[in-house]
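Input: a single structure, listed below in structure tokens.
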Amino acid sequence: MGNAIDIRLESLVKPATPGVAAANSATSAVAEQARGTFFLETFGCQMNEHDSEKVAGVLLARGYRQVETPEAASLILYNTCSIREKAAQKVFSRLGVYRDILGKEQKIGVLGCVAQQEGEAIFSRAPWVSLVCGSASYRNLPQMLAQLEAGAERVTGLDNDTDETFETEVTRRDNPWRAYITIIEGCDKACAYCVVPFTRGPERSRDSARVLSELRQLAERGYSEVQFLGQTVNSYADPSPRKMRFSQLLVESAQVPGIRRVRFTTSHPRDFTPDIVAAIETHPAICNHVHLPVQSGSSRVLRAMQRTYSRAEYLEKIAMIRGARRQTAITTDIIVGFPGETEAEFDETLSLLDEVKYEGVFSFKYSPRPNTPATSMPDAIPEEEKSRRLALLQEKQRAIQVNTLQKLAGEIFEVHVDGASKKENQWYGHSSCNRVVNFSSSKSDLLGEYVAVRVNGCTPNSLLGEHVVRPL
Ligand code: SAM
Ligand code: SF4
């Protein structure tokens, strides 16, 4: 990677470091020959958020200026998510809203998973759209923008079979404290319910040297916390001759001067190996949090979902993580009401919650997705029944979480401060194990700092505490 320009939102920036100031002035120099303005709206996961950061960087470097409202933009971009139902419907209704405000000189682009899924059909249903671009085509964005600027009415980027990743020298980062770095794009896992392999294309890992170079540049600009992203981040397979393992990449990243925290998400249970646990155990800068989606507690349902592991095999991975000397928080994703899921099988998912005692669960009602094998499976579960199961699961998990968090009273956590609450002297941030910690402090200007917080209470989803002054 060459000299990446890294642009942060002014409003969030700590007092500018020389590197940031130089990057911003380089950007404004380009912006002098302004090509136009853009408004970018994003839905979906962290991968989508980060894709939008890269897209924004490409536009800024091209001389566009970002604006706060669609009305003020010459180019309106909508980065979409199609992981659950009614995604396309929602996108078309949003596009209807944009149509109503659209002036003569304005253009609209649809990006991301719905763009890839619906393809050129978007032009028929919403003829006022000028750009349809899936995530596997973002690397061609400069050429697509050039076509739009030259007056093209319909531009598409719908590659879905590429071995290339989106390498850009210009990323506009929204968060001044935690920087995302995509290390692997796409997914080859083919879970029976999931659209991601269709919308994001095959698995492609980035060269480890490029990842490490991006990381070093971030550290030089003052970032101390990074988060590696991938739909199955631990399936990382370095395409360079170094053939670095995922755990090696974590270890080398944790040793970069200035880097204090390295996170990663999402891990696939099949590829969660002992060397990753060993890396977390021996390198405090690798965060002690693993997001390990299980999806169901029933081996029969897991087989139908094509998840490639049984309940027992998943529990072996949990035992491996829990067996380490360093305690690691584990969170998960669960789908209820997969076709054919019986009451007894759902009970197995509930019992898994008791057995694992997750620190957090993202739970979803199964939602049929186009092109996926699960849509044609028999014995669909009625919507009300899915809702009932979801509510039961969430109630159980809430009780487990409160119980776990209550036991942490008196413990001291290192908190990376993300924000100030509206209430005076109240702050919030994250621990290494990714717990949200709300705390009081008489100190001012804690944003971006690492502080010690003693826990004195909790809510179902966060810890409460007070800042204690002691060296970390
Ligand atoms: N790659 C990750 C993994 O293997 O778990 C997660 C990717 S997906 C963006 C995030 C979560 O959405 C999944 O873990 C799953 O729980 C949920 N999800 C995906 N497809 C779904 C569907 N058709 N219905 C309901 N939930 C779904
Ligand atoms: Fe979807 Fe499965 Fe790939 Fe995760 S691993 S993105 S759930 S296909």
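Throughout, read-outs are computed from the coordinates displayed, never taken from laboratory work. Everything numeric in this text was worked out from a predicted model, so none of it was measured. Neighbour counts run over all protein chains shown; Cβ positions are idealised from the backbone, glycine included.
Placing dummy labels 7 Å off each Cα toward the beta-carbon, the span from Gln255 to Glu120 is 5.2 nm. Do the alpha carbons of any pairs in Lys396/Lys423; Lys54/Lys189; Lys54/Lys90 sit beyond 29 Å of each other, and which pairs? In this structure, Lys396/Lys423 lie more than 29 Å apart at Cα. Each Lys or Arg adds one and each Asp or Glu takes one away; over the other residues whose Cβ falls under 15 Å from the Cβ of Gly337, this sums to -4. The gain in end-to-end length when the Leu392 to Lys90 segment is fully stretched comes to 105.9 nm, 0.36 nm per residue minus the alpha carbon separation. Each of Ser376, Ser299 was scored by other Cβ atoms within 10 Å of its Cβ. Listed from fewest to most, they are Ser376, Ser299. With all pairs of different C-alpha atoms in the average, the Kirkwood value for the hydrodynamic radius of the chain is 23.7 Å. Each stretch of four or more DSSP H residues adds -39500 (n - 2.57); spread over every residue of the chain, this sum gives -10000 deg cm²/dmol at 222 nm. Loop-located trypsin sites (Lys or Arg not before Pro) in segment 103-146 (DSSP state other than H, G, I, E, B) with a sparse environment of at most 12 neighbouring Cβ atoms within 10 Å: Lys104.
To the nearest 20 Debye, how big is the dipole of segment 248-334 about its Cα centre, given +1 on the beta carbon of each Lys and Arg and -1 on that of each Asp and Glu? Working shown, then result.
Details: 12 positive and 7 negative charges, 50 e Å.
Dipole about the Cα centre, nearest 20: 240 debye.
Efficiency by 1/(1 + (r/R0)^6): what FRET value for Asp333 and Ile101, r their Cβ-Cβ distance, R0 = 35 Å, to the nearest 0.05? For Asp333 and Ile101, the calculated efficiency is 0.45. Projecting the Cα atoms of Pro202, Gly103, Gly134 onto the charge dipole of segment 95-203, computed from C-beta unit charges around the Cα centre, puts Gly103 farthest toward the positive end.
Ranking Val55, Leu315, Ser442 by Cα position along the charge dipole of the chain, where only Lys, Arg, Asp and Glu carry charges on their C-beta atoms, puts Ser442 farthest toward the positive end. Between Gln66 and Asp445, full extension at 0.36 nm per residue minus the direct alpha carbon distance yields a gain of 133.7 nm. Between Ser310 and Asn140, the FRET efficiency estimated from the beta carbon spacing at R0 = 45 angstrom works out to 0.60. When cysteine pairs in the chain are screened for C-beta atoms closer than 4.7 angstrom, the residues that find no partner are Cys45, Cys81, Cys113, Cys133, Cys187, Cys287, Cys433, Cys458. Taking every DSSP beta bridge that has both ends in the chain, the antiparallel portion is near 30%. Exposure proxy ranking for Asp275, Asp159, Asp238, Asp354, based on other Cβ atoms within 10 angstrom of each Cβ and starting from the fewest, stands as Asp354, Asp275, Asp159, Asp238. Just to confirm a number: summing +1 for Lys and Arg and -1 for Asp and Glu over residues other than Val226 whose beta-carbon lies under 10 angstrom from that of Val226, what do you get? Local net charge: +2.
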